[in-house]
Structure formats: structure tokens, C-alpha cells
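The values are calculated or read from the model by the stated rules, or taken from the named source; none is laboratory data. It should be emphasised that the depicted structure is a prediction, and the values quoted were computed from it without experimental measurement. Positions of Cβ are generated from backbone atoms using ideal geometry, with glycine treated the same way; all protein chains shown enter the neighbour counts.
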Amino acid sequence: MFNLSKYSLGIGDRFGRQGEAQLAALQEARALGVEITPVWNKSFREHRIIGSTPTDSRRAADAAVAAAGWQEAYFVDADHIGLQTVDGFLDACDYFTLDVAAMIGQAAAAADQQRAWQEFRRFCGSLAVPGLLSPLPVTEADLHSAIAGYLAAVQEAGRIYRRIAQQRADRPTVIEVSMDETARPQSPAELFFILAMLDRERVPVQTIAPRFSGAFHKGVDYIGDVDLFGREFAQHLAAVQAAIKTFDLKADLKLSLHSGSDKFAIYGCIRTALQESGAGLHVKTAGTTWLEEIIGLAQAGGEGLDLAKEIACRALLRQTELCAPYSEVIEIDPRQLPTAREVRQWDSEAFVAHTRHRQQEPRYNPMFRQLLHVAYGVAAEMGETFYRALDDHRATIAAGVRKNLFENHVRPLFLRANV
Ligand SMILES: [Zn+2]
């Protein structure tokens, strides 16, 4: 029971109220023959902004699983933790996302660099591993940039992993390594060598989150060259496959896609690549649930709408502060945001039209949506007023959460060709 299935979804639930609705989307997929493991991810950053603890996430997950009658595996993810933050997550979580992006580009000890060079140089050339759809070209330049860019980060992953292993002893644990919150993407060849180095560091990595090319901003669509992404994604899958066959890595090691919600433009090529290769994938979609909460409040009208507008207006006044922790994963042009005065005049329909991700809707405003995405701390500050509103409008919000997760994410990523 303690296994991620081939497909898994990071469905973090910032306020811990939507677990049942999220599970309903996965139960719907299951009824159609596709198994998806739920993983409730929440970072130190989110806990700090909300004032919650990993134990709260664990309780919410356990309660949702019991209420929904979910019989399969599920996990609680200590998302984007490092050596400074991991301790508070050790008991409540069983999935750990080791964020080593801050160490990218730092130099490892010269002797370690030399050893990696000698050890991995023999793999340079075209990697034609049996079962690979196409050979993966890897050069000495790739190895050089992998060592210069990522060896120190991999060693940091080793330190975090050993801390977790020491404290959790025999309790089963899923390990993800994330390098996504950084400016420069990792090429498929670099990914191959990063996995080689993780193996050497004895990190039992189960999912790895590279920075893919193009922009993955929170809650909005992919920005970049879709065809290029598609080719590169297939090569990233091949790099993982090649690494599994070459090194002593887990046989079900898979890629993890962060800021994966709402990347509708690339879901088609991701699905095709998964189906052609038979590979698995983990996709993190956490923030989209909070957006459905505020949309549900706005839809409800009356006090719900007033609260949604109040959160939006406060967020418009506090852009700099709210955006700062997310600088790598959002891009907001303030000139394209509505003014607070405009927001105050909106009715339910107008609020939803500006916020919901529907590209055919001319009022849809991705800048506003990104700002709301990082504005959940404003809602948390409202405390009971906000939580009571979530309870008052529970059915509307739950329907939105389920539908958004199933129709906009699960179906195009994992189902469409089958169903
Ligand atoms: Zn991430």
C-alpha cells in the first residue's frame, strides 16, 4: 500500500478543507480505470504564511481519506524543505521534497569534482540504452556543466536525505529532489548526470523535479515554445529511463512537474509522451485548489463575494510583500492589474470571469489570477471570518474543486486518449 502509482498528483490543500473534494476527482479517474495517488504537499513557506503546521496537514489528509473511503495509498509531502526546515516535518510527513536549488552553481570540493569526472566520463557519447525511444546524446560539455552546476546541490540532497533517514529509521519514506525554483533549465543530458550523482550520493530518489524550459508561473498557462517543450520533455523521460537502466536507481523513478496546474498548452504533449514511453509522472497542482475556494466564494454572492473582493483589494495593496517569496514562479505586470476601485464594482459574474482560467473569456486576467494565487496569506489573516465562509459555501466550493481537478487536470493529462 505504500507505493506511489505510476501517476500521482500533488494536491496541496492550503487550508485543509478540500481533501474530500480532491479525492472525489481521483475516485472519478479510478472508476475510469486510471489510478492516481494523492499527495498533499505543503511547503514550509505555505505553513509559515498561513500559520499552520505539518501535523494539521496530516490530520486533514487522514480525515479526508476516512470520510471519502479512499482505500489506496496517499502521502503528505514536506514540500521544498532544506536542512534548516526539515525537522518540523519529520513525523507528520512521509514524502519529502528536498529543495536544493539554492546550491545550484556552487562549487563542490575540487577532489569531488575530479572524482565525478573520472567516474562518469565513460558515459559521454550517444547513450543507446535498450528500450530507449531514441538515443540520448551526452557530451563531455554536458558532464562538465552538470558537475559545475549541480554536484554541490546533489551533495546537499545527500545531507538532507541522511538527516531524514536517521530520524525516520524504518518508516517508509518517498524522496523527491527538486531543482525547479531556479532560473536556468536543466538539459536532459544534465539530468542524466544529476541522477548519476544522486545514485553515487546514495539518495533513493523516487521523483525528480527539474526546471524545464519555458515559464511555469503559478496558476496560469505555460509560456514558451510548446513544440520545443514536447521534444525536450520526451528527452527528459528518456534521460530518466537511461539513468534507471545504467545506475542503481529505483525502477519506478519518475519526473515531477512543479507549478503544474493550469499548464493546458503542454498537457497534450505530456500525455502523448507518457503514453508513448509508458513512463509515470508526478504533477504538483496545489495552488489551484485555493483559487477554486476564492472563486467559489465569489460565485456564492452576498457575503462570500464581499469577502473575495476584500481579499483581492488587500492583495492589490500588498503586491510587493505577497509576491516576494514567489519571485521565481510568478510574473505580474502591475499595469495589467485591475484597480481596487474596479474590483469593488464587480458582481459575482465579473469576479469569476476575471479570475477563472478560461482563455476564451476576454475578461480573464492572468496577472490578477497570479496575484490571487499568492494572496492566500491575506485570507489566512482573516481567520474565522474566512474559515466560516468556506464552511458556509462548502458545497459550491467542493463542486468547483472537484471539477477543476478532474476536468482541467486529470482528464487532459492522464485520460483523454483512453476515455
Ligand atoms: Zn516547486
Before we move on, is Glu361 surrounded by fewer than 18 Cβ atoms within 10 Å (Cβ to Cβ), closer than 22 Å to Asp262 by Cα and touching a Ser or Thr at 6+ places or on another chain (Cβ under 9 Å)? no
Condition test on Ala61, is it over 27 Å from Val177 (Cα atoms) and of a type in the set (A, V, I, L, M, F, W, C)? no
Got a number for residues in the range 220-245 being small (Gly, Ala, Ser) and within 17 Å of the chain's Cα centre (by Cα)? 0
Looking across the range 14-51 at residues that are away from the ligand (no atom under 16 Å from the Cβ) and among the acidic types (Asp, Glu), the single one that is nearest to Gln84 (Cα to Cα) is Glu20
When you go through (1) of a type outside the set (Gly, Ala, Ser); (2) over 21 Å from Ser8 (Cα atoms); (3) crowded, with 24+ Cβ neighbours inside 10 Å one by one for Gln166, which number turns out not to apply? (3)
How many residues are within 16 Å of the ligand (Cβ to nearest atom), in a helix (DSSP H, G or I) and of a type in the set (Val, Ile, Thr) when one looks only at the range 243-302? 2
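One line per residue, one yes/no per condition, for (1) touching a Lys or Arg at 6+ places or on another chain (Cβ under 8 Å); (2) over 18 Å from Asn404 (Cβ atoms):
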{"site": "Pro325", "(1), (2)": "yes, yes"}
{"site": "Arg335", "(1), (2)": "no, yes"}
{"site": "Phe351", "(1), (2)": "yes, no"}
{"site": "Tyr364", "(1), (2)": "yes, no"}
{"site": "Val378", "(1), (2)": "yes, yes"}
Yes/no for Arg58 being within 16 Å of the ligand (Cβ to nearest atom) and either in a helix (DSSP H, G or I) or over 25 Å from the mean Cα position of the chain (by Cα) (or both): no
For residues in the range 168-202 being in contact with a helix residue (DSSP H, G or I) (Cβ under 8 Å, 6 or more places away or on another chain), assigned to a helix (DSSP H, G or I) and touching a residue at least 60 places away in the same chain (Cβ under 8 Å), which is farthest from the ligand (Cβ to nearest atom)? Arg200
Right, Arg48: part of a helix (DSSP H, G or I), over 21 Å from Asp99 (Cβ atoms) and basic (Lys, Arg) or not? no
So Pro325, is it within 16 Å of the ligand (Cβ to nearest atom) and in contact (Cβ under 8 Å) with a residue 12 or more places away in the chain: yes
Cβ-Cβ under 9 Å, sequence separation 6+ or interchain: first residue in the range 284-295 and of a type in the set (Phe, Trp, Tyr), partner not in a loop (DSSP other than H, G, I, E, B). Which pairs? Trp290/Leu372; Trp290/His373; Trp290/Tyr376; Trp290/Ala379
Flag if Glu140 is acidic (Asp, Glu), closer than 22 Å to Ala107 by Cα, surrounded by 21 or more Cβ atoms within 10 Å (Cβ to Cβ) and more than 16 Å from the ligand (Cβ to nearest atom): no
Only one of Asp91, Asp79 is outside any helix (DSSP H, G or I) and either assigned by TED's automatic domain parsing to the domain that holds Val378 or within 16 Å of the ligand (Cβ to nearest atom) (or both), namely Asp79
